Each structure stands twice: as structure tokens, then as C-alpha cells.
Amino acid sequence: MRNLLFLSVLLASGLTLAQPGPRGPKPSKKAKMENLTPEQRADKMTAKMKKELDLTADQEKQVKVANLEFVQQQEAIRMKSEALKAERKALVDAQRAKMKGILTPEQQAKADQMMKKRQEKRSEMRRERRQSMGR
């Protein structure tokens, strides 16, 4: 009888643990902030500063204006950066297409290997830089 009770408790706990959890990974703070409008981000920044710094009402108004201006400028820079990234990708793709027309298949394979090594080296350097910065 004790064995039956033990097995039923064990089975019930196993079923409870087998229930599906939340779907997918939680979005990062950065991802959550990117989903907000500039006004919402400025409000969130201001609210945190008010809480942490005990701002007066006048300071809060000034901080909110400054935060909104900052977030709008930051957004403009991000948009320019994305546009430049797309422009650079188009340029690189055009160069690769030109090279395919010039190089033999063997030369192209060797050029692809060279590019792959360069990308791996860049990735390694980024990883080392992040580690040295403590990220």
C-alpha cells in the first residue's frame, strides 16, 4: 500500500514537472525597449530617474524633455546606421557578383576561403574585445 501511494505521488510530481513552460526565450531588456516608441522610452527613462534620484516636479519636466530629445536623436542615428548597413551590403554583393564574372571557379573557391578566414578572425577579435571589456 505504501508503495502504491509512493508511486502515485511520484507520478503526479512527474506530470506536474512535465507541463510546458513559457514559450520561447524571454526577450532581453534591449528588445523590450526597441518595441517602445521614443516617447515611451523617454517616459520610462524619466520614471526611473525620478525614482532613483528623487527629482522635483520641475526637474522631472526638464529631464523628460532632455530624455525625449536624446531618444529621438538616438533613433535618428540608428535609422541612418541601418540604412548605411543595407547600402554596404548591396555594395559588397555587387562586388562579389563582379568577381564571379572575372575569377575562375578555382579562384572563386580560394577567394571564398580567404573571406571565410577573415570573417572568423574578425569574430574572434570581437569576442576577445567583449571579454576584455567584461561583457
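None of the figures in this text is laboratory data; all of them are computed from the coordinates on show. Note that the structure is predicted; figures quoted are calculated from it, not measured. All Cβ positions, even for glycine, are placed from backbone atoms using ideal geometry, and neighbour counts span all protein chains on display.
Potential lengthening of the chain between GLN108 and GLN40 amounts to 19.5 nm, from the contour at 0.36 nm per residue minus the alpha-carbon distance.
In this simple spin-label model, placing a label point 7 Å from the Cα along the Cα-to-Cβ direction at both ARG78 and GLN62 gives a separation of 2.7 nm. Lysine pairs in the range 31-102 whose alpha-carbon atoms fall under 14 angstrom of each other, counting only those eight or more residues apart or on distinct chains, come to 9.
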